[in-house]
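Presented below is the structure to which this report refers.
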Amino acid sequence: MAGRRKGRIIAFQALYAWDVSRKSLEDLLRFDWVDQEKRDRLGEEGLAFPQLLICGTIEHIEEIDQQIDSNLTNWDFDRLNRVDLAILRMSVYSLLYQRDLHPSIVIDEAIDICKEYGTDESYRFVNAVLDSIRKKTAGSAGS
């Protein structure tokens with residue numbers, strides 16, 4: 001599972017860079033911004049998971065952002081912290097499109113990444129938004 005965690009962190013970092021600097025998808029997927037030693041350790045197979053997260057999230061960004069926006073309580077989407085937004089986007093992609101992953105794993109991973117990279121309050125906020133989305137999408141899992 002450590003490989004998946006590293007993959008999620010790389011995907012989160014790529015989505016943050018995409019949001020802040022509008023780096024091209026091609027640039028992001030070269031992973032030249034990731035330390036060479038880390039890339040070598042992960043190998044092509046290890047980079048396949050973050051590639052899937054990055055491509056899937058960007059491909060479905062409108063729906064993902066709409067899901068996030070509609071599950072915000074007393075908060076404006078445009079005021080979201082960019083770190084939190086990148087973590088939310090990646091996690092919402094997983095909740096909506098990676099049905100083989102248990103939602104609690106997706107949410108727990110998001111919380112752990114928030115604790116490492118976000119503000120002191122990030123993990124509570126991200127947990128609340130993702131839990132709301134999880135509850136609303138759980139009913140549509142069989143469809």
Count of the stretch 99-110 residues which are in contact (Cβ under 8 Å) with a residue 40 or more places away in the chain and not in a helix (DSSP H, G or I): 1
Quick test of your reading of the structure: A128 fulfils all but one of (1) outside any helix (DSSP H, G or I); (2) in contact (Cβ under 8 Å) with a residue 24 or more places away in the chain; (3) of a type in the set (A, V, I, L, M, F, W, C); (4) surrounded by fewer than 16 Cβ atoms within 10 Å (Cβ to Cβ). Name the failing condition by number. (1)
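Can you find a residue that is in a helix (DSSP H, G or I), of a type in the set (V, I, T) and over 26 Å from R124 (Cβ atoms) anywhere in the stretch 56-69? Lay out the reasoning, then the answer.
As a first pass, look at the stretch 56-69 and keep what is in a helix (DSSP H, G or I): 56-59, 61-69.
With the extra rule that they be of a type in the set (V, I, T), the set shrinks to 57-58, 61, 64, 68.
If we keep only those that are over 26 Å from R124 (Cβ atoms) as well, we get 58.
Looking through the stretch 56-69, at least one residue is in a helix (DSSP H, G or I), of a type in the set (V, I, T) and over 26 Å from R124 (Cβ atoms).
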Across the stretch 10-33, what is the total count of residues that are buried (at least 19 other Cβ atoms within 10 Å of the Cβ), over 17 Å from Q98 (Cα atoms) and either touching a strand residue (DSSP E or B) at 6+ places or on another chain (Cβ under 8 Å) or aliphatic (A, V, I, L, M) (or both)? 4
When you go through R5, R99 one by one, which is the residue that is of a type in the set (K, R), closer than 21 Å to T137 by Cα and surrounded by fewer than 17 Cβ atoms within 10 Å (Cβ to Cβ)? R99
Subset tally (residues that are out of contact with any Phe, Trp or Tyr (no Cβ under 7 Å at 6 or more places or on another chain), more than 21 Å from E109 (Cα to Cα), touching a residue at least 12 places away in the same chain (Cβ under 8 Å) and in a helix (DSSP H, G or I)) for the stretch 10-47: 3
Tally, over the stretch 70-83, of residues that are in a loop (DSSP other than H, G, I, E, B) and either acidic (D, E) or modelled with pLDDT under 85 (or both): 1
Considering the stretch 111-125, residues that are touching a residue at least 60 places away in the same chain (Cβ under 8 Å) and in contact with a helix residue (DSSP H, G or I) (Cβ under 6 Å, 6 or more places away or on another chain), and then whichever is farthest from L80 (Cα to Cα), we arrive at I113
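The values are calculated or read from the model by the stated rules, or taken from the named source; none is laboratory data. Remember, predicted model here, so these are calculated numbers, not experimental data. With ideal geometry, Cβ positions are generated from the backbone for all residues, glycine too; neighbour counts draw on all protein chains shown.
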